Amino acid sequence: MNKILLVLAALAFAPGAHALYKCTDEKGKTHIGDTPPPQCDRVIMYEVTKSGTVLRKIDPTPTAEQKQARIDEEARKKEAARAADEQRRKDLALLATYSNERDFDVSRDRNIDPVQNRIKGAKERSDAVDKRIKELEDEMEFYKAGKSKAAAGKSREAPPQVTADLERAKKEKAQLATNLASYDKEIEQIRVRYETDKRRWLDLKQAHREGRLDLRDPREIEAAAKKANEPAARTKRYNIYIVPTN
């Protein structure tokens with residue numbers, strides 16, 4: 001009999017046993033029911049017993065804007081974590097690759113050399129194209145002045161081939177100018193990249209000297225922090241008795 005009463009008492013106080021849902025809306029009006037009242041969607045709701053004991057707190061249903069805000073916040077956190085991980089990877093690579101400041105200058109110049117060679121080749125080709133354009137323009141002028149035997153002193157159109165060759169030469173000249181500008185920009189980008197990397201390397205070295213450098217994986221840091229907060233494992237103590245032998 002006593003066991004039956006205990007079971008009934010446990011059921012009476014168990015979560016969900018005759019539970020009611022209660023909230024106070026934005027206007028201060030209290031709503032209560034066997035099922036969650038629709039007026040409670042936007043406010044905090046409580047699951048309570050008939051005696052008023054709070055069983056649990058139920059947060060309001062988020063609005064579409066709130067859901068989107070949460071999604072955006074999660075995306076921002078993921079992007080921040082990705083960027084931090086990428087920076088950590090770059091920092092580790094910098095420290096592993098370069099031993100001193102001069103290493104940056106040597107590597108920079110080694111990367112600039114091939115571009116300088118392309119610039120040299122483009123300038124040489126540009127000079128040759130300038131010479132060819134001058135020849136073709138002189139030939140065009142020759143025909144316009146009527147100096148050819150067929151012209152007999154009268155101005156005439158230059159042959160189509162000469163006109164086409166001149167047009168091609170001018171297009172090549174323009175492309176070479178574009179290429180040269182691109183090469184100059186590439187060299188400047190290389191210089192800026194290496195200067196930026198050098199400054200970052202110096203900052204990392206300074207942080208290391210000051211004991212501020214920690215390039216561990218953030219997950220490792222988090223795990224270490226959790227472990228540090230865990231209660232120390234209990235150590236078993238053993239008493240050692242030395243029994244004399246007579």
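The values are calculated or read from the model by the stated rules, or taken from the named source; none is laboratory data. All of these numbers come straight from a predicted model, not from anything done at the bench. Here Cβ is always computed from backbone atoms with ideal geometry, including for glycine, and neighbour counts include all displayed protein chains.
So Arg42 clears everything in (1) touching a strand residue (DSSP E or B) at 6+ places or on another chain (Cβ under 8 Å); (2) of a type outside the set (A, V, I, L, M); (3) not in a helix (DSSP H, G or I) except one condition, right? Which one?
(1)
Only residues in the stretch 28-42 that are of a type in the set (S, T, N, Q) count as the first member; pair them with residues that are part of a loop (DSSP other than H, G, I, E, B) and surrounded by 10 or more Cβ atoms within 10 Å (Cβ to Cβ), Cβ under 9 angstrom, at least 6 apart or cross-chain, and list the lot.
Qualifying pairs under 9 Å: Gln39/Asp25.
This table checks each residue for (1) surrounded by 11 or more Cβ atoms within 10 Å (Cβ to Cβ); (2) hydrophobic (A, V, I, L, M, F, W, C).
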| site | (1), (2) |
| --- | --- |
| Thr61 | yes, no |
| Glu79 | no, no |
| Arg88 | yes, no |
| Thr97 | yes, no |
| Asn100 | no, no |
| Phe104 | yes, yes |
| Leu136 | yes, yes |
| Met140 | yes, yes |
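Of everything in the stretch 66-76, what is modelled with pLDDT under 95 and closer than 30 Å to Arg216 by Cβ? Give them in sequence order.
Arg70
Identify, please: which residue in the stretch 89-122 is part of a helix (DSSP H, G or I) and small (Gly, Ala, Ser) and is, among those, nearest to Leu180 (Cα to Cα)?
Among residues in the stretch 89-122 that are part of a helix (DSSP H, G or I) and small (Gly, Ala, Ser), the one nearest to Leu180 (Cα to Cα) is Ala122.
Tally up the residues in the stretch 47-65 that are under 37 Å from the mean Cα position of the chain (by Cα) and modelled with pLDDT under 90, please.
Of the stretch 47-65, the ones under 37 Å from the mean Cα position of the chain (by Cα) are 58-65.
Narrowing further to those that are modelled with pLDDT under 90: 61-64.
Going through the stretch 47-65 one residue at a time, the tally reaches 4.
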